[in-house]
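K.L.:
First, the structure itself, so that you have it in front of you.
The values are calculated or read from the model by the stated rules, or taken from the named source; none is laboratory data. Because the structure is a prediction, the values reported are computed rather than measured. Here Cβ is always computed from backbone atoms with ideal geometry, including for glycine, and neighbour counts include all displayed protein chains.
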Amino acid sequence: MSSFLYTPNSYYPIDDSPNNNPNSINNNKPRRNLFRWLLLILTVGILCIFVLMIIIIIFKKKSTHHNYQNSSLNKTEMFLNISKRIKNNTSFTCQLPANPNYKENCTIVAGVLSTSDDELNRLQGPTSVYLDKERNIYVADTTNHRIRKYIPGNSDEGETFIDETSNIYYPRCLFIDQESNYLFFLDQDIQANYRVQVIQLNSNPLKRTILIVGNQTRSYGMSLDENFNIYVSEYNHHRIVKWLSPNYEQYLIIVGNDKNQLTYPRSIYIDQITNDLYVADKNQIQRWLNNSNESKIVMQGGLLCPSGIEYDCHGNLYISQDKTIKLINNKTNLAGIDIIGIQFYFHWVLNSRKTDILSNPEGIYLDKTNGDLYVVDSAFNLVEKFTIKD
């Protein structure tokens, strides 16, 4: 509001409004400044988050980088190779001891201890291991959605063979045909339905394809017979199906037609000599003879469902279960005998990380040439090799 100052000659208007009065207080100016500061801080924060996300993405790509590029595996080419590979059983000499006795101490062949800060080589929930003909070690690093490859003697220097950028999720159940160099593995789609994929190991760039898209169920077990038929345990359907090679467009229900035959089957194993089928079902192992509808319980008892299954030329059955590796043959009872690991121990023993301690062993692989047993320890996130005593 304006007022007038009287002088002898005239009146002078005086502007005493808040904007021009130095003694007045502007309540709007601090608010504007505060708003500007908040806007500046918010803008800088968003920019920092954006830059941080770019750095994380670049670092992740670098840390999971591998030397392979993916291309589609021609199914026709693969079918022809499989057809040529189908063969009859051939005689061979068994080189393994009839009663294997393993050393207590093991060698870590893949992975690093949980105390290591090596994020790239740290496995997370591994479930399966397999060796190729050059004795390279392939590991299904399941929770990390990748398959790792290790050269013998370099347990902490593996390379990511294939990962989730190539559309694989929770891989498990590795199987390598030594002659054709095909790597088969089980994984799942984003709806958790099982798939079977195959990779040609000696291809450059790496060739792969999805062979089987499952029957709206998950699976934890896969194996192949000598004719490349693929057997899958359908967990929610309580059955085992056989996908017929070489096209894998049709399947047969091998086990599970009758009620109460199986209950949530998990691991399976096909004897490459006899084509007998072994199934881990609840807390037991059942065997179905080739082309037979009758089963026999060959292992029963224990605390948890058995996971890994292997079989040697003497008829010894190797089972990973709970905290041990069991051996079952015609000289043992259905519970088998523990040949590796300790069934009961205290937490302080577990924390000491003794090399003869296992915690939740899953997949196992038996080297048929020398008896070396590779064990995937999914709790310790390691793959360990046990050798037979001299």
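K.L.:
Is at least one residue of segment 188-205 in contact with a Lys or Arg (Cβ under 8 Å, 6 or more places away or on another chain) and either of a type in the set (Lys, Arg) or more than 22 Å from Ser267 (Cβ to Cβ) (or both)?
P.N.:
yes
K.L.:
Which pairs have Cβ atoms under 8 Å, sit 6 or more apart or on different chains, and link a residue in segment 271-299 that is on the phi > 0 side of the Ramachandran plot to one that is of a type outside the set (Gly, Ala, Ser)?
P.N.:
Pairs that qualify, where the first residue is on the phi > 0 side of the Ramachandran plot and the partner is of a type outside the set (Gly, Ala, Ser), are Asn275/Asp225; Asn275/Glu226; Asn275/Asn290; Lys282/Thr263; Lys282/Tyr264; Lys282/Cys305.
K.L.:
Also: Within segment 147-166, does at least one residue satisfy the condition of being assigned by TED's automatic domain parsing to the domain that holds Ser378, more than 23 Å from Val375 (Cα to Cα) and crowded, with 17+ Cβ neighbours inside 10 Å?
P.N.:
The answer is yes; a qualifying residue exists.
K.L.:
I would also like to ask the following. Residues that are over 24 Å from Lys385 (Cβ atoms) and at pLDDT below 85: list the strands (runs of 3 or more DSSP E) wholly contained in segment 277-350 that include at least 1 such residues. Walk me through how you get there before you give the answer.
P.N.:
On the way: elements: 277-281, 284-288, 295-300, 309-311, 317-321, 324-328, 337-341.
Filter on segment 277-350 gives 295-300.
K.L.:
Being in a strand (DSSP E or B) and of a type in the set (Phe, Trp, Tyr) is the filter; apply it to segment 163-189 and report the residue that is farthest from the chain's Cα centre (by Cα).
P.N.:
Looking at residues that are in a strand (DSSP E or B) and of a type in the set (Phe, Trp, Tyr), I get Tyr182.
K.L.:
May I ask you to verify whether Ile199 is within 17 Å of the chain's Cα centre (by Cα), more than 20 Å from Asn247 (Cβ to Cβ), in the same structural domain as Pro265 (by TED's automatic domain parsing) and not aromatic (Phe, Trp, Tyr)? Talk me through it step by step, then tell me what you get.
P.N.:
Values: within 17 Å of the chain's Cα centre (by Cα): yes; more than 20 Å from Asn247 (Cβ to Cβ): no; in the same structural domain as Pro265 (by TED's automatic domain parsing): yes; not aromatic (Phe, Trp, Tyr): yes.
Answer is no for this residue.
K.L.:
Looking at segment 171-192, which of the residues that are more than 15 Å from Phe161 (Cβ to Cβ) and modelled with pLDDT of 95 or more is surrounded by the fewest Cβ atoms within 10 Å (Cβ to Cβ)?
P.N.:
Checked segment 171-192; the qualifying residue surrounded by the fewest Cβ atoms within 10 Å (Cβ to Cβ) is Gln188.
K.L.:
Yes or no: segment 234-254 includes at least one residue that is assigned to a loop (DSSP other than H, G, I, E, B), closer than 23 Å to Ala379 by Cα, of a type outside the set (Asp, Glu) and touching a Ser or Thr at 6+ places or on another chain (Cβ under 9 Å). Break it down into steps so the answer makes sense when it comes.
P.N.:
Going through segment 234-254, the residues assigned to a loop (DSSP other than H, G, I, E, B) turn out to be 235-238, 244-250.
Remaining after also requiring closer than 23 Å to Ala379 by Cα: 235.
Going one step further and asking which of them are of a type outside the set (Asp, Glu), we end up with 235.
Filter once more, keeping what is touching a Ser or Thr at 6+ places or on another chain (Cβ under 9 Å): 235.
For segment 234-254, residues assigned to a loop (DSSP other than H, G, I, E, B), closer than 23 Å to Ala379 by Cα, of a type outside the set (Asp, Glu) and touching a Ser or Thr at 6+ places or on another chain (Cβ under 9 Å): present.
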